[in-house]
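Below you'll find the structure, written out as structure tokens, and then a few comments.
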Amino acid sequence: ALRDAWPTAAIAGCSTAGEILGDRVYDNSACITAVKFDSTRVVVESTALTDMADSQEAGARLARQLPAEGLVAVMVFGTGVAINGSALVAGLQSVLPATVKIAGGLAGDGGAFVRTWTIGPAGCRDDHVVVAGLYGEALQFDCGSYGGWVPFGPARKVTRCDHNILYELDGERALD
């Protein structure tokens, strides 16, 4: 429906864990944002993600698909299941110039962590990572984020992990 309504638009996005509007979170809804630039070009690319181990190479593939000339920023929309987000970003950074800003995130499915969706050149897919490259000297792009944790429960020490995969807390299995 989006492609029919805007046949020349660069379309990129993903499912979420809820939309935030004002001081409320909405579930089972959709949020569509349209942006028009006077002199910024947008190129959208995607690649299939075969499994979590493919995350870094998927990032590198996407970076190689984007034309390098004039690239200022990359917006990332990754599937939220069977992906290593840190490795995806590392793959992008391994190919892109250090001056290119990277922003975005991983798709959600409420809180289920079962099946998420991205939208891009291949349509709506549950196995694709999508990037939107933003181009042009007129574009000034910056990003920031804020995150944090509120402590709850007993303090634990991570005693075994592999990158972002947690195996043990205080010498005991993290999950049965």
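The values are calculated or read from the model by the stated rules, or taken from the named source; none is laboratory data. Treat the numbers as computed from the prediction; the structure is a model and nothing was measured. Reconstructed Cβ throughout: ideal geometry from the backbone, glycine too, with neighbour counts over all protein chains shown. Just the protein is used for accessible areas: all its heavy atoms, side chains included, with ligands, DNA and RNA removed. Shrake-Rupley method; radii C 1.70, N 1.55, O 1.52, S 1.80 Å.
Less than 14 Å Cβ to Cβ from residue 166, Lys/Arg counted +1 and Asp/Glu -1: what total charge do the surrounding residues give?
Every neighbour counted, the sum reads -1.
Amide H to amide H, which residues 5 or more places from residue 174 or on other chains are under 5 Å from it, using H placed in the peptide plane?
When sequence neighbours closer than 5 places are left aside, the close amide H contacts are 168, 169.
Relative to the longest principal Cα axis of the chain, at what angle does helix 55-65 sit, 0 to 90 degrees, rounded to 10?
10
Karplus couplings for the stretch 27-44 from phi (6.51 cos²θ - 1.76 cosθ + 1.60, θ = phi - 60°), rounded to Hz, Gly and Pro as x?
Once θ is set to phi - 60°, the couplings for the stretch 27-44 become 10, 6, 9, 10, 10, 10, 10, 10, 10, 10, 9, 6, 9, 9, 8, 10, 10, 10 Hz.
Leaving out ligands, DNA and RNA, and with a 1.4 Å probe, what % of the accessible surface on the chain is carbon or sulfur?
54
Quick one: accessible area per residue over the chain, 1.4 Å probe, rounded to a whole number of Å²?
Averaged over the residues of the chain, the accessible area is 68 Å².
Using the alpha-carbon atoms, what tilt in degrees (0 to 90, nearest 10) does helix 85-95 show relative to the longest principal axis of the chain?
Orientation of helix 85-95: about 50 degrees from the principal axis.
From the helices alone, meaning DSSP H stretches of at least four residues, give me the mean residue ellipticity at 222 nm for the chain, per-run term -39500 (n - 2.57), in deg cm²/dmol to the nearest 500.
The helix contribution divided over the chain gives -4000 deg cm²/dmol.
Convert each backbone phi in the stretch 169-175 into a coupling constant with the Karplus relation 6.51 cos²θ - 1.76 cosθ + 1.60 (shift: θ = phi - 60°), then list the ³J(HN,Hα) values in order as whole Hz, x for Gly and Pro.
10, 6, x, 10, 3, 5, 9
How much length is gained if the chain between residue 2 and residue 82 is pulled fully straight, taking 0.36 nm per residue apart and subtracting their Cα-Cα distance, in nm to one decimal?
Value of the extension gain: 26.1 nm.
Compute, for the chain, the length of the dipole vector about the Cα centre, with Cβ point charges of +1 (Lys, Arg) and -1 (Asp, Glu) only. Units Debye, rounded to 20.
200
Please give the contour-minus-distance gain from residue 32 to residue 175: 0.36 nm per residue of separation, less the Cα-Cα distance, rounded to one decimal in nm.
47.7 nm
Most fluctuating residue of 92, 21, 66 in a GNM of the chain with Cα springs under 10 Å: which is it?
Its mean-square fluctuation being the largest, the pick is 21.
With +1 on the Cβ of every Lys and Arg and -1 on the Cβ of every Asp and Glu, and nothing else charged, how large is the dipole of the stretch 15-81 about its Cα centre, in debye rounded to the nearest 20?
Charge dipole of the stretch 15-81: 200 debye, to the nearest 20.
For the stretch 3-82 and the stretch 90-132, write down the distance between their C-alpha centroids in whole Å.
6
Determine the percent antiparallel among the DSSP beta bridges restricted to the chain, to the nearest 5.
Once the DSSP bridges in the chain are tallied, antiparallel ones form about 80 percent.
Please name which of 79, 111, 146 has its Cα lying farthest along the dipole of the chain towards the positive end, using unit charges on Cβ (Lys, Arg +1; Asp, Glu -1) and the Cα centre as origin.
Most positive-ward Cα: 146.
Report Rg(Cα)/(2.2 N^0.38 Å) for the stretch 1-135, keeping two decimals. Please list the in-between numbers first.
On the way: Rg = 14.7 Å, N = 135, 2.2 N^0.38 = 14.2 Å.
Relative to the 2.2 N^0.38 Å estimate, the stretch 1-135 comes out at 1.04.
Keeping all protein chains in position, work out how much accessible area residue 24 exposes to a 1.4 Å probe, and write it in Å² to the nearest 10.
The accessible area of residue 24 comes to roughly 130 Å².
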